[in-house]
1. Of Val39, Val7, Val48, which has the most accessible area with a 1.4 Å probe, and how do the rest follow in descending order?
2. If R0 is 25 Å, what FRET efficiency do you get for Tyr25 and Asn49 from their C-beta distance, rounded to 0.05?
3. Between Gln36 and Arg16, what length in nm is gained on full extension when 0.36 nm per residue of separation is reduced by their alpha carbon distance?
Amino acid sequence: MSEYKQVFSTFINEERFDLHSYLTYLFIYLFINECQEDVVDQLEQEHVNQ
């Protein structure tokens, strides 16, 4: 949770929240997680097939 607070605070600048940057970060973060899950699923499937 503290990691989330630290990341979130990087988008607050002088009492102004940079929504665009935060949404961009969030989109990229979710995209990377989805890609990692796909790779893990693929590797697991290849391992099962061996």
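1. If we order Val39, Val7, Val48 from most to least accessible, we get Val48, Val39, Val7.
2. The computed FRET efficiency comes out at 0.10.
3. Numbers: separation 20, 0.36 × 20 = 7.20 nm, distance 3.27 nm.
Using 0.36 nm per residue and subtracting the Cα-Cα distance, I get 3.9 nm.
The values are calculated or read from the model by the stated rules, or taken from the named source; none is laboratory data. Everything quoted here is computed from the prediction, not taken from an experiment. Virtual Cβ from ideal backbone geometry, glycine too; neighbours counted across all protein chains shown. We work out accessible area using only protein heavy atoms, side chains counted, and drop any ligands, DNA or RNA first. Shrake-Rupley method; radii C 1.70, N 1.55, O 1.52, S 1.80 Å.
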